[in-house]
Structures are given as structure tokens and as C-alpha cells.
1. Could you tell me whether any residue of the stretch 48-56 is in contact with a helix residue (DSSP H, G or I) (Cβ under 6 Å, 6 or more places away or on another chain), in a helix (DSSP H, G or I) and surrounded by 10 or more Cβ atoms within 10 Å (Cβ to Cβ)?
2. Is the stretch 24-31 home to any residue that is touching a Leu at 6+ places or on another chain (Cβ under 9 Å) and either surrounded by 10 or more Cβ atoms within 10 Å (Cβ to Cβ) or of a type in the set (Ser, Thr, Tyr) (or both)?
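Since every read-out is calculated from the coordinates, none of them should be taken as a lab result. Predicted model, so just to flag it, every value in this text is computed and none were measured. In this analysis, Cβ positions are derived from the backbone assuming ideal geometry, glycine residues included, and neighbour counts consider all displayed protein chains.
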Amino acid sequence: MRALPYDDPVFIAMHLPLKMDKPVFFEMLRLLNRQAQELDPEEFQKVLHQLTDRPVN
């Protein structure tokens with residue numbers, strides 16, 4: 001079994017939703033957001049702005 005390539009965020013982002021149940025994936029997403037905010041609030045705000053600055057379809 002291949003180890004998770006921590007230096008390849010694109011692979012991780014594409015792989016995890018395929019392997020995780022939807023509720024578990026979204027719980028992980030919530031936790032990662034909380035951790036990102038604690039790790040670097042300014043960078044987290046930049047990411048949040050990128051995500052919310054787009055019209056919702």
C-alpha cells in the first residue's frame with residue numbers, strides 16, 4: 001500500500017473524497033478549517049475569501 005504523499009496536496013484532495021464516506025469527509029473538512037484558522041489566521045482569511053468571493057451556482 002502506498003503511503004499518503006503529504007507533499008502532494010492535489011493528490012490528497014482528489015483521493016480522500018473517493019475513499020471516505022460523505023459525512024466523514026465533511027467532518028474532516030470542518031476540522032481542517034478550524035486547524036488552518038488556528039495555524040495561520042491571516043492565510044486562512046485569504047483562503048476563505050477565495051472560496052466566498054465566487055457566485056454560488
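1. no
2. In the first step, residues of the stretch 24-31 are kept if they are touching a Leu at 6+ places or on another chain (Cβ under 9 Å); the result is 25, 28.
Keeping just the survivors that are either surrounded by 10 or more Cβ atoms within 10 Å (Cβ to Cβ) or of a type in the set (Ser, Thr, Tyr) (or both) gives 25, 28.
Yes, the stretch 24-31 has at least one match.
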